[in-house]
Amino acid sequence: MLEIQNLSVTVEDREILHGVDLTVGDGETHVLFGPNGAGKSTLLMTIMGFPKYRVTGGRIVLDGQDITSLPVDERARLGIGMSFQRPPVVRGVKTREMMEACLKEKGDGETVTNLAAKADLSDFLDRDINYGFSGGEIKRSELMQLMAQRPHLVLLDEPESGVDLVNIALIGQLMNDLLQKDCPMRQRRCMGLIITHTGHILNYVNARTGYVMIDGRIGCGADPHEILATVKEKGYEECVRCLLRNTPEGKVC
Amino acid sequence: MSESEKKKAQAAANKPAVFGEDIDLNKYVGAAELPPYQPDPSRLPARVKEDMLQSGVILDDSSQRSGTYIQMDNAPIHSSIRQEGIEVMPVSQAREKFDWFADYWWRAVAVDTDKYTAGVEIGQHDGYFIRALPGHKTELPVQACLYLSKARLAQKVHNIIIAEEGSELHIITGCTTALHEDPGIHMGVSEFYIKKNAKVTFTMIHSWSPEIAVRPRTGVIIEDNGVFLSNYVLMKPVHSLQMNPSAKCVGENATVRFNSVLIALPGSNLDVGSRVLLDAPKSRTEIVSRAITTGGNITARGYIEGNAPEVKGHLECRGLIMEGNGIIYAIPELKGTLAGIDLSHEAAVGKIAEEEVEYLMARGLTRQEAAATIVRGFLHVDIAGLPPMLGEQLKHAIDTSEKDVM
């Protein structure tokens, strides 16, 4: 279980998240909506542990362990994995090498070749990571690496952005594989937290709960399809009004 | 050698090089006791063999090479061949043997380039002659080692490499030293002649020491459809290295590629470039340089000149500053003299990107593993056309140097 408790985060001395609370149970997938600049990526980057995102209050607990001050690599080894919205190009480091490093941690018999075939990236293994990849190829590569890593908590930052309609089905398939959607809920352990702007991915992946994040605060825990429908109809202004009604100060930062 | 070359050399005896520190050659001696010839190089002392192995020269298993040349200080101590159609011998022997030899002597490098070329002409200590006869291809690499063991010696060698029409030569050269605290200087002239439809891959691994100065002078002439691939790796500290090999494409469709991997440890001063003149239609080149400093100074040069229709050249120079006060100065230069040519360059100097380190850490690598992976990737240059064995040798040399860097 992932528990985010009253989490406040600053980036370059500016507070971005203001007392965020969120709980994701084992086997559950939650979705985060929100306008640009709301703090969604900041939340994911903070859960992953990037030092630029400084926790000034609250804590992050994974399976009962407080991980708030653990470095990125230790969190990865504890089972947190992230698909980046815009991952860096790493020149000279081959995708295959990265996959082998991810698999080494797990050693569950899966092979680089099999995973590359699943992600339709067999021809990309000997290319530098993300170098010259299209938007869809980057997303598939990120998911392929996560499938090698097999994290217990999967953080997906806009997995469908830049992906064409043909490829989005494959992205959905990879996400379902990663999130163990073919297992009954009782046996499923993998948790997911997904940021989506368009909501397209909801056509392919079942998510239990959705939230809207506005100006570094979370509100509206509800069925993600309902949230999406509201946002499509009324925009995020309605969510701002809702948050105004529910924040103790009566204002959104 | 002709009288006119001698005169030119004497006139240039004090001429400083265009680039690099001006070395006072009077600090060095020109002669040393001649080492004995060694018919079986596997019987050389273990320490010498180990030094040479560090530079990719294998003496215990001659079956891995098509031919071997070893020079210690100022004399050849071994030369042998294992394949028909390939010739390996001291250059002094080749001069006696071939009446056409003068056609290849100071034709790719000017004798009066600077005091180092002049010094080689005036006080030459032999060198290697490697030739592939028309249509012959080396099944295994030919290896050559220039070894410096006498303190304060100026080693002056002149090498000639000829790939006759339709031939293929793969050469690995290791230059190394037994000296660890004493000074010495290596001055080496190498002239390459790549005839029509011939190919030469030349992999040079330098492994010097902190008191050694090194001044190689290389010229390459490539005819129609000829290919020259040069891979240079400097892995150990060196007091002062300056080289700027120059290749001239004189035949249509000639191809040149220079790859260099340079590591400047504290106390090293490197001025290393590559220069290509695309003088024939459709000739092309790629110059790729990777430089890492952990405290030494590197000037990384690249120069491409396009002088014929439909030529194409690209220059890529990337530098990584690991720590300390090291300096990397990248100087890419392009010159085009007519329309319709295609020349480009990219250069970047910086430290390891934190964003990349953290990205790899998010996959479970420790900070140190992530940095090592990035450095290893930075150093490994994709080299098309390199035989697998040489590729392995190069990889081994780079992996060894990676440990020094990290």
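Extents of the protein assembly as shown, largest first, come to 99, 48, 47 Å (Cα atoms, principal axes, whole angstrom). Pairs of Cα atoms in segment A:34-96 fall into 10 Å distance bins, from 0 up to the last occupied one, in shares of 18, 46, 28, 8 percent.
Relative to the current alpha-carbon distance between B:Asp182 and B:Asp342, full extension at 0.36 nm per residue lengthens the span by 52.9 nm. Counting other Cβ atoms within 10 Å, which chymotrypsin sites (Phe, Trp or Tyr not before Pro) in segment B:1-90 have at most 13 and lie in a DSSP loop? Loop-located and lightly packed - B:Tyr37. Taking N as the residue count of segment B:1-145, its C-alpha radius of gyration divided by 2.2 N^0.38 Å amounts to 1.18.
Positive end of the dipole of the protein assembly as shown (Cβ unit charges, origin at the Cα centre): among B:Pro41, B:Ser246, A:Cys183, the Cα lying farthest that way belongs to B:Ser246.
The amide H of B:Ser274, built 1.01 Å from its N in the peptide plane, has B:Arg301, B:Gly302, B:Tyr303 as neighbours under 5 Å, considering only residues 5 or more places off or on other chains.
Evaluated at 37 °C with a viscosity of 0.692 mPa s, what Stokes-Einstein diffusion coefficient in µm²/s does segment B:208-362 have when Rh comes from the Kirkwood expression over alpha-carbon pairs?
Working: Rh = 16.2 Å.
Result for D is 203 µm²/s.
Rounded to a whole number of µm²/s, how large is the Stokes-Einstein D of segment A:89-215 at 25 °C and 0.890 mPa s, given Rh as the Kirkwood radius over C-alpha pairs? List each step's numbers first, then the result.
Values: Rh = 15.2 Å.
Rounded, D is 161 µm²/s.
Highest GNM mean-square fluctuation among A:Val24, A:Val93, A:Val166, for chain A modelled with Cα contacts below 10 Å: A:Val166. With a 10 Å cut-off around each Cβ of A:89-102, the average count of Cβ atoms from other chains is 5.
Electrostatic tally near B:Val349: other residues with Cβ closer than 15 Å to its Cβ, Lys and Arg +1, Asp and Glu -1, net +2.
A convex hull fitted to the Cα coordinates of segment B:180-294 yields 72 cubic angstrom per residue.
Which value, in debye to the nearest 20, describes the size of the charge dipole of chain B about its Cα centre when Lys and Arg Cβ atoms bear +1, Asp and Glu Cβ atoms bear -1, and nothing else is charged? Before the final figure, lay out each step's value.
On the way: 41 positive and 52 negative charges, 69 e Å.
So the magnitude is around 320 debye.
If each Cα of segment A:2-246 is one equal point scatterer, what is log10 of I(q)/I(0) from the Debye formula at q = 0.10, 0.16 Å⁻¹? For the requested q values the scattering log ratios are -0.46, -1.22.
Taking the charge dipole of the protein assembly as shown about its Cα centre, with +1 at Lys and Arg Cβ atoms and -1 at Asp and Glu Cβ atoms, the residue from A:Pro71, B:Ser2, B:Ile86 reaching farthest to the positive side is B:Ser2.
Put a plus charge on the Cβ of each Lys and Arg, a minus charge on the Cβ of each Asp and Glu, and nothing anywhere else: the dipole of segment A:66-196 about its Cα centre is then about 280 debye. When the alpha carbon gyration tensor of segment B:285-391 is reduced to an equivalent ellipsoid, the three semi-axes, largest first, read 31, 17, 13 Å.
Relative to the longest principal axis of the Cα atoms of chain A, helix A:237-246 runs at roughly 60 degrees. Per the Debye formula on identical point scatterers at the alpha carbon atoms of segment A:84-133, with no solvent, log10 I(q)/I(0) at q = 0.28 Å⁻¹ is -1.13. Using Cβ point charges alone (K and R +1, D and E -1), the dipole size of segment A:2-246 about the Cα centre works out to roughly 160 debye.
State the Cα centre-to-centre distance between segment A:17-54 and segment A:107-142 in whole Å. Value for the Cα centre distance between the two parts: 26 Å. For the cross-link pairs A:Lys118/A:Lys181; B:Lys7/B:Lys195; B:Lys248/B:Lys335; B:Lys156/B:Lys196; B:Lys97/B:Lys156, the ones whose C-alpha atoms lie over 19 Å apart are B:Lys7/B:Lys195; B:Lys156/B:Lys196; B:Lys97/B:Lys156.
Taking label points 7 Å from Cα along the Cα-to-Cβ direction, A:Ser122 and B:Phe101 give a separation of 5.7 nm.
Please list, in order, the residues from segment B:269-289 whose amide nitrogen is less than 13 Å from a point placed 7 Å along the Cα→Cβ vector of B:Leu334. Answer for segment B:269-289: B:285-287.
Within 10 Å of the Cβ of each residue in A:73-85, the mean number of Cβ atoms contributed by other protein chains is 3.
Scaled against 2.2 N^0.38 Å for its residue count N, the alpha carbon radius of gyration of chain B is 0.95.
Roughly how crowded by other chains is peptide B:364-375, in terms of the mean Cβ count from those chains within 10 Å of each of its Cβ atoms? Before the final figure, lay out each step's value.
Working: counts 18, 9, 6, 3, 1, 2, 5, 0, 0, 6, 4, 2.
Per-residue shielding by partner chains comes out at 5.
Each of B:Val288, B:Met322, A:Gly221 was placed along the dipole of the protein assembly as shown (beta-carbon charges, centred on the mean Cα), and the one lying farthest toward the positive end is B:Met322.
Computed from the coordinates by the stated procedures, all read-outs in this text should not be read as laboratory data. Note that the coordinates shown come from a computational prediction; the quantities given were computed from them, not determined experimentally. Quick reminder, even Gly has a Cβ in these numbers, built from the backbone with ideal geometry, and neighbours come from all protein chains shown.
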